[in-house]
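Below you'll find the structure, written out as structure tokens, and then a few comments.
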Amino acid sequence: MSKYLLNKFLFTVDRDPELVERYREDPAGTVAWWEANVANALLNCHTGEASTWQAFDDDERAALSGHDYPRLFELGAHPFLTLTLFIAMFERDHAEPLGFQLQYAQRLAHFSLPYPDIAT
């Protein structure tokens, strides 16, 4: 398991409007594409350097592919990264103000201190 890789996925997808839409419409395909093409690229590196060893485990892949942000939180994904990405994807589906944020809080309400470790 790699909290770094989970957070890198959330961070990079959230910063590209086309990837946000792609992830909303085809989460499993986007996760597979990202893992194959972006996961091992060095963050903020434009020289073509890359590593070769990073990959999601089955649980991480399933949580990402299922848009399962409570499970991502359990796995140590940073809550601000999940919240901002999922707001971008799903706030439009809610008629009431802060509709998605309220749903997010409700679905994470069963967590109590200490929260899962989000350090990478």
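The values are calculated or read from the model by the stated rules, or taken from the named source; none is laboratory data. Note that the structure is a prediction, hence the values are computed from the model and not measured. Please note: Cβ atoms are built from the backbone with ideal geometry, for glycine as well, and neighbour counts cover all protein chains shown.
List the number of the failed condition for A105; all other conditions in (1) surrounded by 15 or more Cβ atoms within 10 Å (Cβ to Cβ); (2) modelled with pLDDT under 95; (3) among the aliphatic types (A, V, I, L, M) hold.
So A105 meets the others, but not (1).
I'd like the full set of residues that are in contact (Cβ under 8 Å) with a residue 40 or more places away in the chain, surrounded by 15 or more Cβ atoms within 10 Å (Cβ to Cβ) and not in a helix (DSSP H, G or I), limited to region 55-68.
Correct list: F56, H67.
Would you check which residues across region 69-108 are within 25 Å of K8 (Cα to Cα) and outside any helix (DSSP H, G or I) and list them?
L75, G76, A77, H78
Under 8 Å by Cβ, and 6 or more places apart or on different chains, what pairs join a residue from region 1-15 that is in contact (Cβ under 8 Å) with a residue 60 or more places away in the chain with one that is among the hydroxyl-bearing types (S, T, Y)?
K3/T120; Y4/T120; N7/T120; L10/T82; V13/Y23; V13/T30; D14/T84
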